[in-house]
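Take a look at the structure below.
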Amino acid sequence: RGTGRCGAAVRASIAENGGFWPLVPAAHYDGQGLTDEQIARIMDGSTPHPGATLTEPAVLTRPLGELPATYVKCLLAGAEPDDDVAGLLAGERRRQAEMDTGHWPMFSRPRELAQILLDAAGV
């Protein structure tokens, strides 16, 4: 079994929390284009994230590069895509959409995100 691409600190946190990636504090959402009400809604509905989704590799039936994809880059979320993602974005069936929001556009810009997803699906 591989350890996935997450760092040692994330793996340790998962181990310390019974196999789950723990919830983050409300302050984690500051600067991401969310209102206090939206942050409260996220916090109220949050549950710990299953750690194996971060530590175990995905098994695909065909190469990832063959699948169409749209990468939604949330500009307030920070870092540029890593080299693996950037390589995938260079493929013929890939496109990138940018949103002037943080990592939670489903809360901060739901209509704009829905339109991006509808366009990607060809609807």
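The values are calculated or read from the model by the stated rules, or taken from the named source; none is laboratory data. Note that the coordinates shown come from a computational prediction; the quantities given were computed from them, not determined experimentally. In this analysis, Cβ positions are derived from the backbone assuming ideal geometry, glycine residues included, and neighbour counts consider all displayed protein chains. These area figures cover heavy atoms from the full protein model, side chains too; ligands, DNA and RNA do not enter into them. Shrake-Rupley method; radii C 1.70, N 1.55, O 1.52, S 1.80 Å.
When residue 71 is tested against (1) closer than 24 Å to residue 6 by Cβ; (2) in contact with a strand residue (DSSP E or B) (Cβ under 9 Å, 6 or more places away or on another chain); (3) surrounded by fewer than 14 Cβ atoms within 10 Å (Cβ to Cβ), exactly one condition is not met: (3).
Of all the numbered requirements in (1) under 28 Å from residue 110 (Cβ atoms); (2) open to solvent by less than 50 Å² (accessible area, probe 1.4 Å), residue 55 misses one, and that requirement is (1).
If I filter segment 15-23 for residues that are at positive phi and at pLDDT 90 or above, do I get at least one hit? Within segment 15-23, one or more residues are at positive phi and at pLDDT 90 or above. Name the single residue, out of those in segment 63-116 being at pLDDT 90 or above and among the acidic types (Asp, Glu), that is farthest from residue 39 (Cα to Cα). Here the answer is 98. In segment 62-83, what count of residues is obtained for those that are in contact (Cβ under 8 Å) with a residue 12 or more places away in the chain and not β-branched (Val, Ile, Thr)? Residues meeting the conditions: 12. Among the residues of segment 81-123, the ones that are open to solvent by 40 Å² or more (accessible area, probe 1.4 Å) and among the polar types (S, T, N, Q) come to 2 in all. Would it be correct to say that residue 45 is of a type in the set (Gly, Ala, Ser), open to solvent by 50 Å² or more (accessible area, probe 1.4 Å) and in contact (Cβ under 8 Å) with a residue 40 or more places away in the chain? No, not satisfied. Going by the conditions given, is residue 61 part of a loop (DSSP other than H, G, I, E, B), at negative phi, open to solvent by 80 Å² or more (accessible area, probe 1.4 Å) and polar (S, T, N, Q)? In short, yes.
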